[in-house]
Amino acid sequence: MFDMIISGGIVMIPILLASVVALALVAERFWSLRESRIAPASLVTQIWQWYKSNTLDDQRIEALSNNSPLGRILAAGLVNRRHPREIMKESIEDTGRQVAHELERFLNTLGTIASIAPLMGLLGTVTGMIQAFAAISTHGAGNPSVVAIGVAEALITTAAGLCVAIPTLIFYRHFRGKVDALVLKMEDEAMKIVDIIHGDREAAANASTKKK
């Protein structure tokens with residue numbers, strides 16, 4: 001394996017570096033984009049219990065904001081829970097855009113690696129063929145071993161570039177889809193809180209009107 005890497009020439013160095021970076025980013029995204037970390041399942045239920053028991057204070061909202069990305073979005077809305085629905089929704093949407101941007105961290109880097117890895121392999125192909133033709137011009141074409149080094153470099157770098165690009169592209173698409181799904185789920189959970197709080201307020205207002 002090491003001999004094959006050496007045969008790939010100097011272009012193998014950036015290809016190997018790209019593979020190490022891609023592997024590190026994939027591991028980091030798998031850890032960071034866990035649904036249990038981004039959008040805990042019991043968060044909305046807990047907030048509803050606090051709200052109904054009248055224990056939803058600033059301290060709990062601050063703790064909620066530090067709990068998770070979903071908690072941060074919900075906290076932004078709860079800070080404005082006494083304001084009209086539109087203001088509450090607007091604060092949720094503003095924070096949601098910031099959270100979505102943070103969830104996409106490193107994805108552009110993964111996409112870039114998936115794009116440039118085949119190009120680096122192609123560069124190795126070109127340099128290998130240049131080396132092969134230079135050997136032919138110097139020693140002639142009678143001995144195949146003269147051009148073998150250049151051809152080996154061309155083929156190895158092409159294969160290495162594709163081996164890095166293909167799985168990186170797969171993981172890039174996977175994480176992009178996962179971020180989209182998480183963002184949609186957080187939006188849905190946030191709208192539940194808005195509906196719960198303002199629906200309960202409207203119901204209380206209607207009940208008060210009927211009593212009068």
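A compact table of results
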quantity: Qualifying residue in the range 44-66 (condition: within 30 Å of ILE113 (Cα to Cα), part of a loop (DSSP other than H, G, I, E, B) and among the hydrophobic types (A, V, I, L, M, F, W, C)); calculated: no
quantity: Close pairs from the range 96-114: first farther than 17 Å from TYR172 by Cβ and touching a residue at least 40 places away in the same chain (Cβ under 8 Å), partner β-branched (Val, Ile, Thr) and in a helix (DSSP H, G or I), Cβ under 7 Å, at least 6 apart; calculated: GLY96/ILE73; VAL99/ILE73
quantity: Where a residue in the range 115-132 is more than 21 Å from TYR172 (Cβ to Cβ) and its partner, wherever it lies, is surrounded by fewer than 18 Cβ atoms within 10 Å (Cβ to Cβ), with Cβ under 6 Å and at least six apart; calculated: ALA132/VAL151
quantity: Residue match in the range 17-34 (condition: without any contact (Cβ under 8 Å) to a residue 24 or more places away in the chain, part of a helix (DSSP H, G or I) and crowded, with 19+ Cβ neighbours inside 10 Å); calculated: no
quantity: Residue selected from the range 51-66 under the condition surrounded by fewer than 16 Cβ atoms within 10 Å (Cβ to Cβ) and not charged (D, E, K, R), by the criterion nearest to the chain's Cα centre (by Cα); calculated: ASN66
quantity: Residue within the range 75-83 that is among the small types (Gly, Ala, Ser), surrounded by 19 or more Cβ atoms within 10 Å (Cβ to Cβ) and either under 21 Å from LYS178 (Cβ atoms) or touching a Phe, Trp or Tyr at 6+ places or on another chain (Cβ under 7 Å) (or both) present; calculated: no
quantity: Yes/no for ILE73 being part of a helix (DSSP H, G or I) and in contact with a helix residue (DSSP H, G or I) (Cβ under 9 Å, 6 or more places away or on another chain); calculated: yes
quantity: Positions within the range 86-100 being surrounded by fewer than 16 Cβ atoms within 10 Å (Cβ to Cβ) and of a type in the set (Lys, Arg), in sequence order; calculated: ARG97
quantity: Pair list, Cβ < 8 Å and 6+ apart or interchain, from the range 36-51 residues that are without any contact (Cβ under 8 Å) to a residue 24 or more places away in the chain to residues that are part of a helix (DSSP H, G or I); calculated: TRP50/ARG60
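Coordinate-derived values only; no laboratory data. Source: prediction; values computed, not measured. Cβ: placed from backbone, ideal geometry, glycine included. Neighbour counts: every protein chain shown.
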